[in-house]
Amino acid sequence: MRDAFERDLVDALPRLRRFALSLCRRPDVADDLVQTTVERAVAGRGRYDPATRLDPWLFRILRNAWIDQTRRAATRGTEIDVADAPEAATVDGPRVTEAALMLQRTEAAMATLPADQREVIVLVCFEEMSYAEAAEVLGIPKGTVMSRLARGRAALAGKMGIE
């Protein structure tokens, strides 16, 4: 029988994967990050305060794992994955096509944002975290989250041609 911690951990997996994808932009690496996050969360379960929400704690673990991985990769040099290939998408109808194109434009615009702005937008807008929770995940003041979010939204709107 699963306890509340395990249920909440399993429920958070899709959101963790989305955040991991926003950081690394590679599904295989994102899956590894989520796995590392779960391993660290289970191992450090005693350090989790059940009086708080689990999501910010997990997102912080994931972000720290990403930082660790990025630092390790910097010392290894350039790596090329020969399996990288664009995935074919089947599109059905003009509405779906328009939505897919808008999503591609948005993803491309998001990719050009500075990492600090992109992280805040993903946590607040996609993962629906409060400013305080995002600040906790990123280890920055709430006001910094608010200013990065405002700058990121403005930059994204400008790149998308939205006034």
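Look through the range 108-142, keep the residues that are charged (D, E, K, R) and within 15 Å of Arg18 (Cα to Cα), and return whichever of them is surrounded by the most Cβ atoms within 10 Å (Cβ to Cβ). Write out each step before concluding.
Just the residues of the range 108-142 that are charged (D, E, K, R), to begin with: 116, 118-119, 127-128, 133, 136, 142.
Then keep just the ones that are within 15 Å of Arg18 (Cα to Cα); that gives 118-119, 127-128.
On the way: Arg118: 19, Glu119: 24, Glu127: 20, Glu128: 10.
Step by step, filter the range 108-142, then rank; the result is Glu119.
It is to be established whether one or more residues within the range 35-43 are more than 11 Å from the chain's Cα centre (by Cα), assigned to a helix (DSSP H, G or I), touching a residue at least 12 places away in the same chain (Cβ under 8 Å) and under 22 Å from Ala115 (Cα atoms).
Yes - at least one qualifying residue is present in the range 35-43.
Here are Arg105, Arg148, Arg95: which of them is farther than 26 Å from Asp11 by Cα, modelled with pLDDT under 90, surrounded by 12 or more Cβ atoms within 10 Å (Cβ to Cβ) and out of contact with any Ser or Thr (no Cβ under 6 Å at 6 or more places or on another chain)? Talk me through it step by step, then tell me what you get.
Values: Arg148 fails: modelled with pLDDT under 90; Arg95 fails: surrounded by 12 or more Cβ atoms within 10 Å (Cβ to Cβ).
That would be Arg105, the only listed residue that is farther than 26 Å from Asp11 by Cα, modelled with pLDDT under 90, surrounded by 12 or more Cβ atoms within 10 Å (Cβ to Cβ) and out of contact with any Ser or Thr (no Cβ under 6 Å at 6 or more places or on another chain).
Go over the candidates Arg26, Arg40 one by one and state the one that is on the phi < 0 side of the Ramachandran plot, among the charged types (D, E, K, R) and surrounded by 15 or more Cβ atoms within 10 Å (Cβ to Cβ).
Details: Arg26 fails: surrounded by 15 or more Cβ atoms within 10 Å (Cβ to Cβ).
Answer to the check: Arg40.
Taking Thr52 and the conditions (1) closer than 20 Å to Val124 by Cα; (2) part of a helix (DSSP H, G or I), which numbered condition does it fall short on, given that it satisfies the others?
For Thr52, the failing item is (2).
In the range 135-148, which residues are free of Cβ contacts under 8 Å to residues at least 60 places away in the same chain and either assigned to a helix (DSSP H, G or I) or of a type in the set (Asp, Glu) (or both)? Explain how you work it out, then say what you get.
Taking the range 135-148 first, the residues free of Cβ contacts under 8 Å to residues at least 60 places away in the same chain are 135, 140-148.
Those that are free of Cβ contacts under 8 Å to residues at least 60 places away in the same chain and either assigned to a helix (DSSP H, G or I) or of a type in the set (Asp, Glu) (or both): Ala135, Lys142, Gly143, Thr144, Val145, Met146, Ser147, Arg148.
The values are calculated or read from the model by the stated rules, or taken from the named source; none is laboratory data. From a predicted model like this one, the values you see are computed outputs, not experimental measurements. Using ideal geometry, Cβ is built from the backbone for each residue, glycine included, and neighbour counts are taken over all protein chains shown.
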